[in-house]
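Here's the structure, in C-alpha cells; my notes come after.
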C-alpha cells in the first residue's frame, strides 16, 4: 500500500482563486481533486444520485440526453437554502467516498482537494492542513462578471449568499491572497508548500534527459523557446497565467531546457495540446513520451494527445490507441465533454491508459 499523502484542503468563497492554487499545486507535482466536479460526476445518468435528484427535484430537470440540467438545478438551490441542504445530503456521501478512495490509492507525496464547502463537510476530516484562497469582495464580483459572464445582479446574489470569507480564514492554516498578480499567487503557493517541507518539483530522469515541473528560474528560458516556436511574444507573466489553468511540464537536456509541453486537465484526464518544439534533436518521441507518461502517472488515468501534435507513425510506435478506444472504466460522457471543451472530438486524438 502507498504511504498516505499529505492532504491539503483548499477552500474559499466563490471566485476567490481556489482553482488557481490547485493548478499551481498540480504543476508542483501534487495529485489534485476538484470536489465540485466530483459532485457533478456523482449524478451522471444512471448513477444512484442521478435518480434521487430527479425524485427530489422533479424529472423536468433532465435534458434530452438524460443529463441533469445543472444550471436549472443551480438556480433552484441558490434561492432556497432548504433545497441546497437536500442536494448536499444526496451528493456529499458519494463525494466523500470518492475522495477517500483516491486518497487511499494516491502514491504521490501531496494531494490537494479543492472544495468550496470543505469546512461544512466531512471531507475536512481527511485533510492535514486547510488553505483558504481569499480575495476582496469587489475583485470576486469583477471576476464573476468579466470572466464567467454573470450579470451584476447574479454575481452579487452568489457572493452575498455565502458566509463572509473571514470565517474560512479563521479556520485555516494558510491563507493565499489572490487579489494581486498570478505571480504573487504562484509565489505564495510555492512558499507555503516549501514551509511544510513538501516537494515542489516532480521529475523523471533518463540518461541526460529530465522531464520535470517548471520552476521560476526556467521561466525566461521557456519564454524564449515558446516565442521562437510560436512567433508570439511570451513573457514570464504569461507563464504564470498558463500555469494557473494548465499543466506545463518541461524537458531538459543536461541543464538546457529544450521542450515545453502544455496539457489541459479534468480531474484524472490529461490532454496534450501544445509542445514546443515539436521535434528535438536530443531524443525521439519513443523516449520522451514514456517520460511524460511517468510524470503524469499517479495522478492521471488517461493521456490524450491531439493528432495535430503526434503523427500517426509516432503514435503507433508509442503504443497509443485511436481516441474512440477509451478504457471502459472512464465514463464516456466525461471523456467526450472534456475533449469538446478543448475543441476536439474522439476521432481527433490518440489515447493511452496510464494505469
- Residues of segment 230-252 being at pLDDT 95 or above and either assigned to a helix (DSSP H, G or I) or closer than 13 Å to residue 210 by Cβ (or both), in sequence order, are 236, 237, 238, 239, 240, 241, 242, 243, 249, 250, 251, 252
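Kindly provide the set of residues from segment 223-248 that are closer than 28 Å to residue 34 by Cα, surrounded by 16 or more Cβ atoms within 10 Å (Cβ to Cβ) and free of Cβ contacts under 8 Å to residues at least 60 places away in the same chain, ordered by number.
As a first pass, look at segment 223-248 and keep what is closer than 28 Å to residue 34 by Cα: 236-248.
Imposing the further condition that a residue be surrounded by 16 or more Cβ atoms within 10 Å (Cβ to Cβ) reduces the set to 238-244, 246-248.
Correct list: 238, 239, 240, 241, 242.
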- Note on the structure: Looking across segment 142-154 at residues that are touching a residue at least 24 places away in the same chain (Cβ under 8 Å) and crowded, with 16+ Cβ neighbours inside 10 Å, the single one that is nearest to residue 239 (Cα to Cα) is 143
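Kindly indicate whether residue 31 is surrounded by 18 or more Cβ atoms within 10 Å (Cβ to Cβ) and not assigned by TED's automatic domain parsing to the domain that holds residue 216.
Details: surrounded by 18 or more Cβ atoms within 10 Å (Cβ to Cβ): yes; not assigned by TED's automatic domain parsing to the domain that holds residue 216: yes.
When the stated conditions are applied, residue 31 passes them.
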- Task: Return the total of residues in segment 293-323 being within 22 Å of residue 206 (Cβ to Cβ) and touching a strand residue (DSSP E or B) at 6+ places or on another chain (Cβ under 8 Å).
- Result: 15
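For segment 343-355, what are the residues that are at negative phi, modelled with pLDDT of 95 or more, in a loop (DSSP other than H, G, I, E, B) and exposed (fewer than 14 other Cβ atoms within 10 Å of the Cβ)?
If we filter segment 343-355 for residues that are at negative phi, which is where we start, we get 344-355.
Remaining after also requiring modelled with pLDDT of 95 or more: 344-354.
Still in the running and in a loop (DSSP other than H, G, I, E, B): 344-345, 354.
Answer for segment 343-355, where residues must be at negative phi, modelled with pLDDT of 95 or more, in a loop (DSSP other than H, G, I, E, B) and exposed (fewer than 14 other Cβ atoms within 10 Å of the Cβ): just 345.
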- Message: What pairs come out if I take residues in segment 277-290 that are in the same structural domain as residue 223 (by TED's automatic domain parsing) and pair them with residues that are exposed (fewer than 13 other Cβ atoms within 10 Å of the Cβ) and outside any helix (DSSP H, G or I) whose C-beta lies under 8 Å away, six or more apart or interchain?
- Response: 282/208
- Message: So, residue 174, is that one in the same structural domain as residue 22 (by TED's automatic domain parsing), more than 19 Å from residue 114 (Cβ to Cβ) and within 23 Å of the chain's Cα centre (by Cα) or not?
- Response: no
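Here are 269, 263, 251, 296: which of them is within 15 Å of residue 339 (Cβ to Cβ) and either without any contact (Cβ under 8 Å) to a residue 60 or more places away in the chain or in the same structural domain as residue 41 (by TED's automatic domain parsing) (or both)?
Result of the check over 269, 263, 251, 296: 263.
A quick yes/no check of all residues on (1) in a helix (DSSP H, G or I); (2) within 16 Å of the chain's Cα centre (by Cα):
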{"position": "14", "(1), (2)": "no, no"}
{"position": "22", "(1), (2)": "yes, yes"}
{"position": "26", "(1), (2)": "yes, yes"}
{"position": "38", "(1), (2)": "yes, yes"}
{"position": "52", "(1), (2)": "yes, no"}
{"position": "64", "(1), (2)": "no, no"}
{"position": "85", "(1), (2)": "yes, no"}
{"position": "101", "(1), (2)": "yes, no"}
- Task: Please work out if residue 14 is modelled with pLDDT of 95 or more and buried (at least 23 other Cβ atoms within 10 Å of the Cβ).
- Result: no
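For (1) within 25 Å of residue 187 (Cα to Cα); (2) within 20 Å of the chain's Cα centre (by Cα); (3) part of a strand (DSSP E or B), each residue gets a yes or a no:
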| residue | (1), (2), (3) |
| --- | --- |
| 288 | no, no, no |
| 305 | no, yes, yes |
| 310 | no, no, no |
| 314 | no, no, no |
| 329 | no, yes, no |
- Inside segment 200-222, the number of residues satisfying the requirement of being surrounded by 14 or more Cβ atoms within 10 Å (Cβ to Cβ) and touching a strand residue (DSSP E or B) at 6+ places or on another chain (Cβ under 7 Å) is 12
- Task: Output the residue which, of all residues in segment 118-127 that are within 13 Å of residue 171 (Cα to Cα) and touching a strand residue (DSSP E or B) at 6+ places or on another chain (Cβ under 9 Å), is surrounded by the most Cβ atoms within 10 Å (Cβ to Cβ).
- Result: 118
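If you take the residues in segment 264-293 that are touching a helix residue (DSSP H, G or I) at 6+ places or on another chain (Cβ under 6 Å) and within 17 Å of residue 351 (Cα to Cα), which one is surrounded by the most Cβ atoms within 10 Å (Cβ to Cβ)? If you could, list the steps in order and put the result at the bottom.
Applying the first criterion (touching a helix residue (DSSP H, G or I) at 6+ places or on another chain (Cβ under 6 Å)) to segment 264-293 yields 266-267, 269-270, 276-277, 285-286.
Next, only the ones that are within 17 Å of residue 351 (Cα to Cα) stay: 266-267, 269-270, 285-286.
Working: 266: 19, 267: 18, 269: 21, 270: 24, 285: 20, 286: 11.
The residue in question is 270.
Does segment 333-342 contain any residue that is surrounded by fewer than 12 Cβ atoms within 10 Å (Cβ to Cβ) and more than 19 Å from residue 268 (Cα to Cα)? Give the steps one after another, and end with the answer.
Of segment 333-342, the ones surrounded by fewer than 12 Cβ atoms within 10 Å (Cβ to Cβ) are 340-341.
Pick out the ones that are also more than 19 Å from residue 268 (Cα to Cα) and you get none.
No, every residue in segment 333-342 fails to be surrounded by fewer than 12 Cβ atoms within 10 Å (Cβ to Cβ) and more than 19 Å from residue 268 (Cα to Cα).
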- State whether the residues of segment 76-94 include one that is surrounded by fewer than 22 Cβ atoms within 10 Å (Cβ to Cβ), assigned by TED's automatic domain parsing to the domain that holds residue 125, under 27 Å from residue 270 (Cβ atoms) and touching a strand residue (DSSP E or B) at 6+ places or on another chain (Cβ under 9 Å). no
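The values are calculated or read from the model by the stated rules, or taken from the named source; none is laboratory data. It should be emphasised that the depicted structure is a prediction, and the values quoted were computed from it without experimental measurement. Note that each Cβ is placed from the backbone with ideal geometry, even for glycine, and that neighbours are counted across all protein chains shown.
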